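Below: one structure, written as structure tokens.
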Amino acid sequence: MNEELIISGRENMMVDPHLHIWHWPIPLYLFLGGLAAGILFFAALFYLMGKENEYRTAVRRIPFIAPVALIVGLAALFFDLRHKAFFWQLYTAIRLESPMSWGAWTLLVITTASVIWCALHIREFFPGWDWRYRWLINLESFFNKYKKVLAWVILIYAVITGIYTGILLSAFNARPLWNTSVLGPLFLASGLSAGAASIVLGSKDKKERLLFTRIDLIILGVELFLIVHMFMGFLASTQVQIEAAELFLGGGYTMVFWIFVVFLGIILPASLDLMELRGYHIPAVIPGLLVLFGSLMFRFVFVFAGQVSRWLY
Amino acid sequence: MRYAMAVDTKKCVGCSDCVVACQTENDVPIGYCRDWVVEVMDGTYPQLEIELRSERCNHCGNAPCVRCCPTGASHIAEGGIVLVKPNKCIGCGACIASCPYDARYPHPKGYVDKCTFCIHRVREGMKPACVAVCPTKCMYFGDLDDPNSDVSIILKKRKYKTLIPEAGTKPELYFLI
């Protein structure tokens with residue numbers, strides 16, 4: 001028998017009995033950030049491929065979700081800070097070693113770029129839109145002129161945002177469940193699938209829907225592969241990582257992970273996508289919402305389970 | 001200069017005086033603590049062995065909390081002591097999540113708080129409160145670069161271990177075994 005006990009009593013709030021410093025705002029933000037990254041990635045990609053008119057919803061309409069998601073996500077992040085009055089200190093330093101620092105700067109760029117992108121496409125929803133002021137009209141024509149550059153910026157920063165949401169967690173060696181480099185690509189894949197799913201949900205064009213159903217199917221496959229890969233890595237690693245994986249393999253998070261994230265969030269929508277592509281008529285709303293739900297649950301499960309995994313005691 | 005602390009697990013009786021001394025000295029808010037005592041029970045009755053450890057921040061040489069801090073509030077001060085500047089801290093909690101020893105906590109005022117090795121006392125030539133108050137004199141503090149400091153002498157004489165060195169943190173809190 002080996003038993004370790006803190007006998008002087010330690011009940012530091014949010015740290016004991018196990019870490020729970022990050023509550024619902026963090027996974028919510030990670031989901032919204034990933035979703036926005038996925039949406040903006042496809043918008044910029046299809047614009048740069050010159051398919052703006054062919055895939056109108058993806059390039060011009062769905063991106064309107066992105067700034068809303070990003071701003072709500074940022075608000076959630078702000079809400080989670082415990083020393084709110086000092087939040088501006090984030091923007092007084094660039095610390096490359098800290099994922100949260102360059103993540104904060106990335107968010108500043110991508111949020112601004114997404115707002116500009118939406119402003120350029122505002123006539124999609126309000127055909128008679130008038131910017132009224134001279135300088136706003138000048139600004140619009142400036143960005144229209146350099147729209148390609150803007151699209152490249154969005155494309156690159158969308159990938160960084162998508163990966164960053166995972167790296168933010170994987171940089172913590174103190175939490176063995178998070179400490180895997182697969183988390184970056186996995187969160188990116190999850191964000192891209194959420195982006196593709198929202199395009200399927202929003203598009204009225206059959207061709208566009210089918211294309212993004214196909215894209216979604218491929219990304220869901222990649223996600224599944226990365227999850228298997230992650231567990232293989234954990235189980236072949238040190239004791240603390242084996243114990244971390246066991247949270248999902250018989251431990252407290254087994255049901256919620258395999259049912260909500262893997263089955264309802266990946267396998268079921270992937271099967272429905274496959275049936276859709278084989279010619280069965282599946283209402284697009286079902287796989288779409290399932291993917292979004294799975295993506296959200298994935299963040300919640302990972303952020304909460306990761307805080308339970310530890311080195312000591 | 002490299003400040004370090006050594007705790008004699010054979011002399012410690014687990015009285016928690018160090019914890020109370022720290023709370024008093026540093027105005028630690030009620031319900032929180034910067035140091036704590038761990039009891040490890042090994043074996044089966046009647047062959048039991050007990051190890052007692054007074055633990056706190058390890059003032060790591062490779063501190064993950066300093067690395068992940070987005071504003072630079074967590075920093076390494078003189079002698080390798082890891083400190084937090086409250087007016088630079090945004091209370092994001094990244095450092096708390098990054099610490100494998102769970103040595104940090106969110107202060108009710110919003111910033112993150114932790115053991116400072118009582119730097120305000122050390123600057124005036126005194127020992128940290130926990131070391132000064134220990135009734136069994138089981139704690140040693142000093143500069144590792146000075147071969148004549150209490151901590152250097154005891155680490156030369158005795159066998160010791162650090163906590164989870166495999167986390168790559170290079171801890172500066174030693175336990176004499």
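Relative contact order (percent) for chain B, with alpha-carbon contacts under 8 angstrom and 6 or more residues of separation? Value for chain B: 31 percent. Taking the Cβ-Cβ separation of B:GLU51 and B:LYS157 as r and a Förster radius of 22 Å, what is the calculated FRET efficiency to the nearest 0.05? Once the sixth-power term is evaluated, E becomes 0.70. Fewest-first ordering of A:VAL149, A:VAL256 by other beta carbons within 10 Å of each residue's beta carbon gives A:VAL149, A:VAL256. Using the Cβ-Cβ distance between A:GLU97 and A:LYS206 with R0 set to 60 Å, the FRET efficiency from 1/(1 + (r/R0)^6) comes to roughly 0.80. With neighbour counts taken as other beta-carbon atoms within 10 Å, the residues A:ARG61, B:ARG104 rank, fewest first, as A:ARG61, B:ARG104.
Peptide A:95-101 has a mean shielding of 6, counted as Cβ atoms of other protein chains within 10 Å of each residue's Cβ. Ordering A:VAL153, A:VAL15, B:VAL82, A:VAL72 by the number of other Cβ atoms within 10 Å of each residue's own Cβ, fewest first, gives A:VAL72, A:VAL153, A:VAL15, B:VAL82. With helices as the sole contributors, chain A gives -20500 deg cm²/dmol at 222 nm; each DSSP H run of n ≥ 4 counts as -39500 (n - 2.57), and the sum is divided by every residue. Would you list the membrane-span-like helices of chain A, meaning whole DSSP H runs whose alpha-carbon atoms span at least 20 Å along their axis and whose mean Kyte-Doolittle value is at least 0.5? Passing helices, by number: A:25-48, A:65-80, A:99-120, A:147-170, A:183-202, A:206-235, A:285-308. Here's the list of lysines a cross-link from A:LYS51 could span, going by alpha-carbon distance under 22 Å and ignoring same-chain residues fewer than 8 apart: A:LYS145, A:LYS147, A:LYS148, A:LYS204, A:LYS206, A:LYS207.
Explain nothing, just the number: relative contact order of chain A, from Cα pairs under 8 Å at least 6 residues apart, as a whole percent. Over chain A, the number comes to 23 percent.
Spatially, region B:51-73 and region A:29-65 are offset by 42 Å when compared through their Cα centroids. Taking every alpha-carbon pair within the protein assembly as shown, the share separated by more than 42 Å comes to 29 percent.
Throughout, read-outs are computed from the coordinates displayed, never taken from laboratory work. If you're wondering where the values come from, they're calculated on a predicted model, not measured in any experiment. FYI the Cβ positions are ideal-geometry reconstructions off the backbone, even for glycines, and counts take in every protein chain you see.
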